[in-house]
1. Can you classify segment 22-156 as rounded, prolate or oblate using the Cα gyration tensor, where a ≥ b ≥ c are the square roots of its eigenvalues, rounded means a/c under 1.5, and otherwise it's prolate if a/b beats b/c and oblate if not?
2. Which value, in debye to the nearest 20, describes the size of the charge dipole of the chain about its Cα centre when Lys and Arg Cβ atoms bear +1, Asp and Glu Cβ atoms bear -1, and nothing else is charged?
3. Among 144-153, 23-32, 50-59, 70-79, how do they line up by average Cβ neighbours within 10 Å per residue, starting with the highest?
4. In the chain, with Lys and Arg counted as +1 and Asp and Glu as -1 at Cβ, which of these residues, GLY67, VAL97, THR180, has the Cα nearest the positive end of the dipole, that is, farthest along it?
5. Per-residue ellipticity at 222 nm for the chain, helices alone: DSSP H runs ≥ 4 residues times -39500 (n - 2.57), over residue total, nearest 500 deg cm²/dmol?
6. So for segment 22-156, averaging the separation of alpha carbon pairs under 8 Å that are six or more residues apart and normalising by length, what relative contact order in percent results?
7. For a quick protection proxy, order the peptides 111-118, 155-162, 122-129 by their average other-Cβ count within 10 Å, most packed first.
8. Give the total of Lys-Lys pairs in segment 22-156 with Cα-Cα distances below 15 Å; include a pair only if its members are 8 or more places apart or on different chains.
Amino acid sequence: MSIDFNPQVIPITERLCAKYDDKYGCLYLAKVIKQIIKQATIVNKDIIVLCIGTDRSTGDALGPLIGSELQKVSLPKKVHVFGTLDQPVHAINLPSVKQTINDTFPNNFTIALDASLGNAKNVGVINVGYGSIRPGSGVNKQLAPVGDFYLTATVNIGGYMEYTVLQNTRLSLVVKIANTIAKMLEYALK
């Protein structure tokens, strides 16, 4: 008997979001992510957590910080984390990392994580949803979309001087958001 992965089992019709310091909102997001991962593992998919960003830019360090935190915990064998402070996944190496993932884990479900820029009222907001993200779009880079499911967080305001804004983003905020997301994913992945 074959069971097909059906992402619509969890009725997310648009993105869901919660502020990083909203304990109950983040717990709800973690529970949603857990159910989505459960559906993917029913059909024996490898779970790829693709943490995009670089440690060379404070605002863009969100992904590598999350990846590094996840590497500290014991995760199931079918979960594979790419993108850490020691080995970041960024614009230059993203195509080769995607190729490695697809060659090594052809039957995968990829959760793409990245920092984003947005409106001042959305700084600190974590967004989750089905579909892919376009890494680098906040700084006008044209990269291929990645992920089956995404998790992003708004780390600063966007709309002008994006590189400067990312370079001058408060590290304390990025670390707090990264720790929250890492805890959410640790709960969801176990």
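Only the coordinates and a few stated rules stand behind these numbers; no lab work does. Owing to the predicted nature of the structure, the values given are computational and were not obtained by experimental measurement. Glycine gets a Cβ as well: all are built from the backbone with ideal geometry, and neighbour counts include every protein chain shown.
1. Oblate.
2. That gives the chain a dipole magnitude of about 380 debye.
3. Peptide ranking by packing, descending: 50-59, 144-153, 23-32, 70-79.
4. Positive-most Cα among the choices belongs to THR180.
5. Taken over the chain, the calculation gives -11000 deg cm²/dmol.
6. For segment 22-156, the relative contact order is 24 percent.
7. 111-118, 122-129, 155-162
8. Number of lysine pairs found: 7.
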